[in-house]
Structure formats: C-alpha cells, structure tokens
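Reviewing the structure listed below.
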Amino acid sequence: MHTHPPSVIHSTDNPVYKKLLALQTAHGIRKHGEYLVAGPKLTAEAVRQQSQVIGAWISTPDLPPPPPSLAGTQWVLLDKRLFRNVNVFGVPGILLTMRLPDLPVFQPKAHWPAGCTLFIPFGDPENVGGAIRAAAGLGAARVVLLREAACPFLPKAVRASAGAAWKIRLESGPGLAELTAIKTVPLFALDMEGAPLDNVKRPACYGLVAGMEGFGLPEALRRHCRRVSIPMTNGIESLNAAAATAVALWAWQGN
C-alpha cells in the first residue's frame, strides 16, 4: 500500500512528465513500451482485469490514490496544468499507463481460426479503435493490423476501442498489397462494386479486408479478393471505414 504520496510534479522539464507526453504519439509508445488509458469505466476495468500490466497510476492531489491491489505500481502526481496536458482524452478521473503487449506476427500459412480474420489498414486511429471494438463485439476470431494501420494504442484508438483490444487477439500484419499471397482461405474485400453482402454466404473460415480511407484497395488486391458491398440508399455511396466493417461483421454473424 502507498503510505505516502509522491512529490507533485510541477516542471515541464521533469522526465516522467516528458515520457507521459510522448505516449500521445506512436513513436513514443513504441519507445517506452507503454500507452495511456483514461476514463472511469476503462480504468476501473483495467484495475480489475489487467492489473498485472499497469505501469503507473497518474493523478492530481485531489484525485484518489492507487488502491491496495496496485501497491507495487508507480504513482505519479502531476499538478493540474500538467495533468491537463497529458489527459488528451479530456475525460474525468485518473490516468493509467499500460505496458504494451507483444503482437504476434500474422502467418498466412499457419492454421486459421474459424470465423473472421479481420484485416485493418485504417490510417485514422479512431477508425482502428472502432473496428477493433466491432470485431470484439461481433465475434471476429482475430484482428490483423496491417502495416498501413495507425497504432491501436494511440489515445484516440484506445478511446474508440473502449477496452476491446484486451478482448480479442491482435496480430501484426504485412502491407495491404501483400494480402494477395493468401491462397488457402477465402479473402473478401469491402468494395462499392462488389456483390451485395446479403447475397453472399459466409464461409466457416475467411478473411475480411476494407480499403484505406480515401484510397480504397490496391487494384491487384481487388482482383484477388471476392468483393462484397453494403447496399446503400439515398445517393450515399459508402460508409465510414469502421462503420462499414461493423455492418459487414454484423450481417454475417448468423449467415
């Protein structure tokens, strides 16, 4: 148990403060091997279920101290000005740092789990987080983060995924164009010119990929995949990347 609070950090030159600021970038996350978590619900879940990978409890003097279950965890006290700078989430309550997990490398020739392997190339961290949340909530087997994808542990991605990254297998994948090497499992791509999704029967084991925001899919991959589309009305051509992924996963849940 923490019997005495640490000294409050006031200086912007403090190395602990500088490290916390660095965790707002993908480079800083990789360098320090940690990422930030915020929000009363998410931090409480982390304390209950992920306490073994919590690195630090970050608060101001008027926020609660770490609970006894985190007796060995670093406690960082920031003044309110510095805390606001670190808390890019803009939510109330304490912050946590979590140790970065090691993501296994996707092996296309290894055994594929039953169900959907979702490939994410999205450059927007909110889309990455939203797609991970949809994959976990709608029963995908795993998520493969392609080389083009934003870091899933950036603050915007963590906020959008709402803890879902702890609940589904994440793997590190190749570049989008390299998915043409997949030969043994059906690979589907969301594409406006594809067959309507509700007319296509879902295989027992398959891969699903959506294009990058604004760029779509490489032409070679479009030719390689079986393309499926989400029927739209009112002159709307397509959905947001994360929304389209969620719709596709939902539509094929019971297919």
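The values are calculated or read from the model by the stated rules, or taken from the named source; none is laboratory data. Just so it is clear, the structure is predicted and the values come from calculations on it, not from any experiment. Positions of Cβ are generated from backbone atoms using ideal geometry, with glycine treated the same way; all protein chains shown enter the neighbour counts.
Scan segment 204-213 and tell me whether some residue there is crowded, with 21+ Cβ neighbours inside 10 Å and part of a helix (DSSP H, G or I).
no
Filter segment 145-200 down to residues that are among the aliphatic types (A, V, I, L, M), surrounded by 15 or more Cβ atoms within 10 Å (Cβ to Cβ) and in a loop (DSSP other than H, G, I, E, B), then give me how many there are.
Total meeting the criteria: 8.
Looking at Leu118, Leu82 in this structure, which one is of a type outside the set (Val, Ile, Thr), more than 25 Å from Leu221 (Cα to Cα) and surrounded by 18 or more Cβ atoms within 10 Å (Cβ to Cβ)?
Leu82
Among the numbered criteria (1) in contact with a strand residue (DSSP E or B) (Cβ under 8 Å, 6 or more places away or on another chain); (2) without any contact (Cβ under 8 Å) to a residue 24 or more places away in the chain, which single criterion is violated by Ala22?
(1)
Quick check on my filter: what residues within segment 85-105 are in a strand (DSSP E or B) and surrounded by 14 or more Cβ atoms within 10 Å (Cβ to Cβ)?
Listed by number, the residues that qualify are Leu95, Leu96, Thr97, Met98, Arg99.
If we keep just the residues of segment 115-159 that are among the aromatic types (Phe, Trp, Tyr) and over 20 Å from Glu34 (Cα atoms), which is modelled with the highest pLDDT?
Selected residue: Phe119.
What is the number of the single condition among (1) free of Cβ contacts under 8 Å to residues at least 60 places away in the same chain; (2) of a type outside the set (Ser, Thr, Tyr); (3) surrounded by fewer than 20 Cβ atoms within 10 Å (Cβ to Cβ); (4) over 28 Å from Asn240 (Cα atoms) that Trp57 does not meet?
Trp57 satisfies every listed condition except (3).
What's the number of the only condition in (1) without any contact (Cβ under 8 Å) to a residue 60 or more places away in the chain; (2) under 22 Å from Lys31 (Cβ atoms); (3) surrounded by fewer than 17 Cβ atoms within 10 Å (Cβ to Cβ); (4) under 13 Å from the mean Cα position of the chain (by Cα) that Pro125 fails to meet?
The one condition Pro125 does not meet is (3).
Would you check if Ser59 is within 23 Å of Lys156 (Cα to Cα), at pLDDT 95 or above and polar (S, T, N, Q)?
Yes.
Which members of segment 41-63 meet the condition of being closer than 15 Å to Val91 by Cβ and assigned to a loop (DSSP other than H, G, I, E, B)?
Across segment 41-63, the qualifying residues are Thr60, Leu63.
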